[in-house]
Amino acid sequence: MKKRSNLRMEDIAQSAGVALSTVSRALNNDTRISLATRKRIQKIAKEMGFKKNILASGLMTNRTNIIGVVIPQINRAFFSSIIYSMEETANQMGFSLIICQSADSYLREKEKVETLLALNVDGIVTSIAVDSKDMSHFERARELGTPVLFFDRIPKVAFPVSTILIEDAESAYQGTVHLIKQGYTKIAHLAGPTELHIFAERLEGYKKALTEYNLPICDEYIRYHKIMSHEEGRDSTEALLHLKNPPNAIFCANNLMAISAVFHAIDQGYRVPEDLGIIGFSEEPSSALMRPGISSIKQPSIEMGKMAIEMIIKEITAQSQKESFDHLEVILPTQINIRQSSLKKG
């Protein structure tokens with residue numbers, strides 16, 4: 001069959017000998033049309049070279065089978081792993097993703113959400129930017145009938161929404177306890193931006209462990225960061241090691257800073273873990289490959305990404321079928337990967 005340019009659904013309907021509405025439903029895989037008819041119409045459309053205009057179809061059916069994802073930084077291993085899992089899950093469930101990066105900027109996050117709404121996405125999955133305080137852009141999405149799901153970085157919101165997170169405080173507590181049980185008594189913390197609840201909770205978990213084991217909480221041992229980059233990790237480690245009474249262990253709020261801490265400590269003549277124990281939070285691929293290997297608290301990124309897509313699609317489906325939907329708060333477990341950087345006792 002010769003392919004035509006400017007092909008319309010009306011042409012497919014004429015060729016298939018069916019109504020235009022039947023073609024529209026068949027191309028959208030509507031189960032009201034029999035499977036045999038759907039396959040026949042889809043085969044004719046393919047042979048004729050028909051390319052579906054997803055956005056135009058979405059305006060007619062109020063469904064695009066597209067989910068918008070807004071994350072802070074694509075180049076962090078945790079988020080890139082989540083995106084991989086989301087994409088695989090969405091593809092298996094007949095959905096596509098539009099991936100946006102806020103670069104940890106509230107204004108950029110708001111702009112991306114507005115763009116996704118203009119594209120008529122069926123739902124939005126997001127982890128908020130560091131400086132996001134106003135959630136009105138997500139509230140507007142809900143008012144427009146677009147489901148929203150938050151994961152990892154969870155804001156306080158007044159509207160109904162599902163969330164997926166980990167027990168940050170408990171995980172940080174366990175990581176700090178591990179250092180204590182290895183014999184470290186002067187433990188510093190390279191903290192993240194504590195305006196985000198996940199880093200505030202990691203700081204609280206660190207403090208709780210020190211308090212329970214009767215170790216001092218020293219203000220000079222706690223350093224705060226906004227970006228949590230290699231450079232910030234290096235600079236903070238240097239400042240800590242130049243104190244009159246330097247720490248003998250460091251618990252880092254992310255693994256990039258932990259990697260930098262190991263490199264800088266070794267450059268300064270410290271033995272890791274004999275002189276300085278180090279543990280990070282959230283795995284980087286290089287953590288296990290370095291010597292010494294970097295101990296870290298691993299977040300369930302693959303499970304989190306899969307669950308986020310499954311949950312948002314359930315809400316999208318329930319909404320389209322005018323069914324009730326119960327929003328959930330899911331808390332996933334973490335695990336501590338112990339490697340040489342914190343094994344003072346071998």
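The values are calculated or read from the model by the stated rules, or taken from the named source; none is laboratory data. Because the structure is a prediction, the values reported are computed rather than measured. Neighbour counts run over all protein chains shown; Cβ positions are idealised from the backbone, glycine included. Just so you know, the surface numbers come from the protein's heavy atoms only, side chains and all, with ligands and any DNA or RNA stripped out. Shrake-Rupley method; radii C 1.70, N 1.55, O 1.52, S 1.80 Å.
Key figures
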item	result
Residue with peak Gaussian network fluctuation, the chain [Cα springs, cutoff 10 Å], from GLY280, GLY269, GLY123	GLY269
List ASP275, ASP168, ASP235, ordered by accessible area with a 1.4 Å probe, largest first	ASP235, ASP275, ASP168
Mean separation of Cα contacts under 8 Å, 6 or more apart, over the residue count of segment 170-221: relative contact order %	47 percent
Segment 204-346 shape via C-alpha gyration tensor axes, a/c threshold 1.5	prolate
Under Karplus coefficients 6.51, -1.76 and 1.60, residue-wise ³J(HN,Hα) of segment 144-154 in Hz, glycine/proline x	7, x, 9, x, 10, 10, 9, 9, 6, 8, 10
Kirkwood-Stokes translational diffusion coefficient of segment 80-200, alpha-carbon pairs, 4 °C, 1.567 mPa s, µm²/s	79 µm²/s
Contact order normalised by residue count of the chain, Cα under 8 Å, 6+ apart, percent	16 percent
Total charge dipole magnitude, segment 149-240, about the Cα centre, Cβ charges on Lys, Arg, Asp, Glu only, Debye to nearest 20	120 debye
Label-reachable residues, segment 196-212, where backbone N falls under 15 Å from a point 7 Å from LYS226's Cα toward its Cβ	196
Label-point gap, in nm, between TYR106 and ALA19 - each point 7 angstrom along Cα→Cβ	5.2 nm
Residue with peak Gaussian network fluctuation, the chain [Cα springs, cutoff 10 Å], from LYS110, LYS156, LYS244	LYS244
Estimated translational D of the chain in µm²/s (Stokes, Kirkwood radius over Cα pairs; 37 °C; 0.692 mPa s)	146 µm²/s
